[in-house]
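**Student:** If you scroll down you'll find the structure; I have some questions about it.
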């Protein structure tokens, strides 16, 4: 899973720094198998750090990260693998 061509929506392109996009893709790439087709990221700022909560439903998985980031973001992001392509989008674009 998540080996297909990768895409992003305009919302991601306009509001999520490229370094953070790459970080999120790396979290998916390093996730142990099996991976759910839907990955959820909840981004928030906390004490001048970027807080990231990464979740999936099946099998259940949740992890929290805190990283230094120049532009802090407060968004919910979905990454969906439909087996032909993988798309990163803001939850508000779903």
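**Student:** Among the residues of region 6-22, is any at negative phi, surrounded by fewer than 15 Cβ atoms within 10 Å (Cβ to Cβ) and part of a loop (DSSP other than H, G, I, E, B)?
**Tutor:** Within region 6-22, one or more residues are at negative phi, surrounded by fewer than 15 Cβ atoms within 10 Å (Cβ to Cβ) and part of a loop (DSSP other than H, G, I, E, B).
**Student:** From the list 50, 39, pick out the single residue that is assigned to a strand (DSSP E or B), surrounded by 10 or more Cβ atoms within 10 Å (Cβ to Cβ) and under 12 Å from the mean Cα position of the chain (by Cα).
**Tutor:** Going through 50, 39 in turn, just one is assigned to a strand (DSSP E or B), surrounded by 10 or more Cβ atoms within 10 Å (Cβ to Cβ) and under 12 Å from the mean Cα position of the chain (by Cα): 39.
**Student:** Still on this structure: Count, please, the residues in region 56-67 that happen to be in a strand (DSSP E or B) and farther than 16 Å from residue 23 by Cβ. Talk me through it step by step, then tell me what you get.
**Tutor:** Quick first cut of region 56-67, residues in a strand (DSSP E or B) only: 56, 61-67.
Within this subset, residues satisfying the condition of being farther than 16 Å from residue 23 by Cβ are 56, 61-62.
Residues that pass the stated criteria total 3.
**Student:** Answer yes or no as to whether residue 62 is more than 11 Å from the chain's Cα centre (by Cα), farther than 19 Å from residue 9 by Cα and in contact (Cβ under 8 Å) with a residue 24 or more places away in the chain. Before you say what the answer is, go through the steps one by one.
**Tutor:** Working: more than 11 Å from the chain's Cα centre (by Cα): yes; farther than 19 Å from residue 9 by Cα: yes; in contact (Cβ under 8 Å) with a residue 24 or more places away in the chain: no.
Here the answer is no, as residue 62 does not meet what is asked.
**Student:** Among the listed residues 52, 28, which satisfies the condition of being at pLDDT 95 or above and in contact with a helix residue (DSSP H, G or I) (Cβ under 8 Å, 6 or more places away or on another chain)?
**Tutor:** Criteria check complete, one pass: 52.
**Student:** Over 12 Å from the mean Cα position of the chain (by Cα), part of a strand (DSSP E or B) and either at pLDDT 95 or above or at negative phi (or both), is that true of residue 92?
**Tutor:** Spelling it out, it is not the case that residue 92 is over 12 Å from the mean Cα position of the chain (by Cα), part of a strand (DSSP E or B) and either at pLDDT 95 or above or at negative phi (or both).
**Student:** Kindly indicate whether any position in region 68-87 is within 20 Å of residue 11 (Cα to Cα), at pLDDT 95 or above, in contact with a helix residue (DSSP H, G or I) (Cβ under 8 Å, 6 or more places away or on another chain) and assigned to a loop (DSSP other than H, G, I, E, B).
**Tutor:** Among the residues of region 68-87, at least one is within 20 Å of residue 11 (Cα to Cα), at pLDDT 95 or above, in contact with a helix residue (DSSP H, G or I) (Cβ under 8 Å, 6 or more places away or on another chain) and assigned to a loop (DSSP other than H, G, I, E, B), which makes the answer yes.
**Student:** Still on this structure: Filter region 23-32 for residues that are without any contact (Cβ under 8 Å) to a residue 12 or more places away in the chain and part of a loop (DSSP other than H, G, I, E, B); which is nearest to residue 58 (Cα to Cα)?
**Tutor:** Per the stated criteria, the residue is 32.
The values are calculated or read from the model by the stated rules, or taken from the named source; none is laboratory data. Since the model is a prediction, treat every value here as computed from it, not as a measurement. Using ideal geometry, Cβ is built from the backbone for each residue, glycine included, and neighbour counts are taken over all protein chains shown.
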